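Student: This is the structure, below, for whatever I ask next.
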Amino acid sequence: HPTPDLAAVPPLRLQAIEHRCRYLRRTGIAPYNDCLKQAIEAPARQAEKSSPDDELTPDYAKIFADSPADKPAATPVAAASLPKPGDFLPRRPDRIAATALAPSDVFKKVAPSIWVVVATPSRAELRVRNVALGSAVAISEHLLLTNCHVVKDRAIIKLVQEGTRDNATLVAADEASDRCVIKAEAVTLTPVAGVRSIESLAVGERAFAVGAPLSFERTLSEGLVSAVRTRGGRAMVQTSAAISPGSSGGGLFDERGNLIGITTLTYRVAQNLNFAIAAEEFWK
């Protein structure tokens, strides 16, 4: 039951196939690979054949070939061996803005701090399209916040922002709360100016999410702070701002451009039910 060749499968169809077969990972590699093979050989649905997705969605796997060579023996950094984010991060950005902005101005203010994160365990896994896509938010000239489920167990991490690309390294992690910190290798980042405390948030405030949903880089969505909750010992911001796969690790901002959360979770069985880890949690 060899792993089928997925290199020629369009991104949208590949996503649909993985969604269909991923439950079989728990059963075993043989039934999982059989499911992949059958799905690839089956006639594609009309929606999966459509070209707009292939034309509009970047193939982020290409950045591994276009970017500088990785270290020859790259191995994943064990998250358990790293310091917790709160023990590693520098001082929290504290230039809290007080003036409300138009949505277009919020985007202009925060977009330079948002990066696409593309990660894979190895070059061999890259060949079978085992690539995780997410987002990250710069909070210093070299450090970014993201979700652990985007980068953990993945030795090769790339940062992308339009024409700029860089390597990154996992430097701090708390897997239990899905809080990870990555470090850019060469580029100088534009950090967010201010991070609001969870206590200062009010239900009903406008909220803006910026990330890379379905790989569409630096996409802006608008909603409200729907609730402030505690889940698994961590403070969470519930929001109606739309997020999708690829948004994980992106920023949730208030209408002044202050960072209030790192987007991490959406419930597909409900509408507008999305969550972000409160940004200040990374400093605890």
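Student: Please determine, by comparing only the residues of region 94-108 that are closer than 13 Å to ALA193 by Cβ and of a type in the set (A, V, I, L, M, F, W, C), which one is least open to solvent (accessible area, probe 1.4 Å).
Tutor: The selected residue is VAL106.
Student: Over 12 Å from the mean Cα position of the chain (by Cα) and closer than 14 Å to ALA279 by Cα, is that true of VAL203?
Tutor: No.
Student: Return the pairs, sorted by first residue and then second, in which the second residue is open to solvent by less than 10 Å² (accessible area, probe 1.4 Å), the first residue lies in region 194-213 and is on the phi > 0 side of the Ramachandran plot, the beta carbons are less than 9 Å apart, and the residues are 6+ apart or on different chains.
Tutor: Listed by first residue and then by second, the contacts come to GLY204/VAL225.
Student: Take LEU145 and decide whether it is outside any loop (DSSP other than H, G, I, E, B), touching a strand residue (DSSP E or B) at 6+ places or on another chain (Cβ under 9 Å), at pLDDT below 95 and surrounded by 15 or more Cβ atoms within 10 Å (Cβ to Cβ).
Tutor: Against the criterion (outside any loop (DSSP other than H, G, I, E, B), touching a strand residue (DSSP E or B) at 6+ places or on another chain (Cβ under 9 Å), at pLDDT below 95 and surrounded by 15 or more Cβ atoms within 10 Å (Cβ to Cβ)), LEU145 does not qualify.
Student: Now for a different question. Sort out which residues of region 252-274 are at pLDDT below 95 and not charged (D, E, K, R), and write them in order of number.
Tutor: If the condition is that a residue be at pLDDT below 95 and not charged (D, E, K, R), then THR264, LEU265, THR266, TYR267, VAL269, ALA270, GLN271, ASN272, LEU273, ASN274 are the ones that fit.
Student: Being part of a strand (DSSP E or B) and open to solvent by less than 50 Å² (accessible area, probe 1.4 Å) is the filter here, so list the residues in region 168-182 that pass it.
Tutor: Residues satisfying the conditions are ALA168, LEU170, VAL171, ALA172, ALA173, ASP174, ARG179, CYS180, VAL181, ILE182.
Student: Given the conditions (1) open to solvent by 20 Å² or more (accessible area, probe 1.4 Å); (2) among the β-branched types (Val, Ile, Thr); (3) under 24 Å from ARG92 (Cβ atoms), and given that VAL195 satisfies all but one, which numbered condition is not satisfied?
Tutor: Result: VAL195 passes all but (1).
Student: Let me ask something additional. Starting from residues that are part of a strand (DSSP E or B) and under 10 Å from the mean Cα position of the chain (by Cα), keep the ones in region 207-254 and report whichever is nearest to GLY134 (Cα to Cα).
Tutor: GLY211
Student: Right, next: How about region 169-182: which of its residues are hydrophobic (A, V, I, L, M, F, W, C) and modelled with pLDDT of 95 or more?
Tutor: Passing the criteria: LEU170, VAL171, ALA172, ALA173, CYS180, VAL181, ILE182.
Student: I've got another one for you. Criterion first (closer than 22 Å to VAL181 by Cα, assigned to a strand (DSSP E or B), aliphatic (A, V, I, L, M) and modelled with pLDDT of 95 or more) does ALA119 satisfy it?
Tutor: No.
Student: For GLU185, which of the numbered conditions (1) out of contact with any Cys (no Cβ under 9 Å at 6 or more places or on another chain); (2) within 23 Å of PRO83 (Cα to Cα); (3) buried (at least 17 other Cβ atoms within 10 Å of the Cβ) fails to hold?
Tutor: Failing condition for GLU185: (3).
Here is a yes/no grid of residues against (1) buried (at least 16 other Cβ atoms within 10 Å of the Cβ); (2) more than 20 Å from ALA173 (Cα to Cα); (3) not aromatic (Phe, Trp, Tyr):
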residue: SER226; (1), (2), (3): yes, yes, yes
residue: MET236; (1), (2), (3): yes, no, yes
residue: SER248; (1), (2), (3): yes, no, yes
residue: PHE253; (1), (2), (3): yes, yes, no
residue: ASN272; (1), (2), (3): no, yes, yes
residue: ILE277; (1), (2), (3): yes, no, yes
residue: GLU280; (1), (2), (3): yes, no, yes
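Student: Do we have PHE216 as among the aromatic types (Phe, Trp, Tyr), under 24 Å from ILE157 (Cβ atoms) and surrounded by fewer than 19 Cβ atoms within 10 Å (Cβ to Cβ) here?
Tutor: Criteria met by PHE216.
Student: Could you tell me whether any residue of region 122-133 is outside any loop (DSSP other than H, G, I, E, B), open to solvent by less than 10 Å² (accessible area, probe 1.4 Å), hydrophobic (A, V, I, L, M, F, W, C) and under 21 Å from ALA279 (Cα atoms)?
Tutor: Scanning region 122-133 turns up no residue that is outside any loop (DSSP other than H, G, I, E, B), open to solvent by less than 10 Å² (accessible area, probe 1.4 Å), hydrophobic (A, V, I, L, M, F, W, C) and under 21 Å from ALA279 (Cα atoms).
The values are calculated or read from the model by the stated rules, or taken from the named source; none is laboratory data. Bear in mind the structure is a predicted one, so any value in this text is a computation, not a measurement. So basically every Cβ, Gly included, is an ideal-geometry build from the backbone, and we count neighbours across all protein chains shown. With ligands, DNA and RNA removed, areas are computed over all heavy atoms of the protein, side chains included. Shrake-Rupley method; radii C 1.70, N 1.55, O 1.52, S 1.80 Å.
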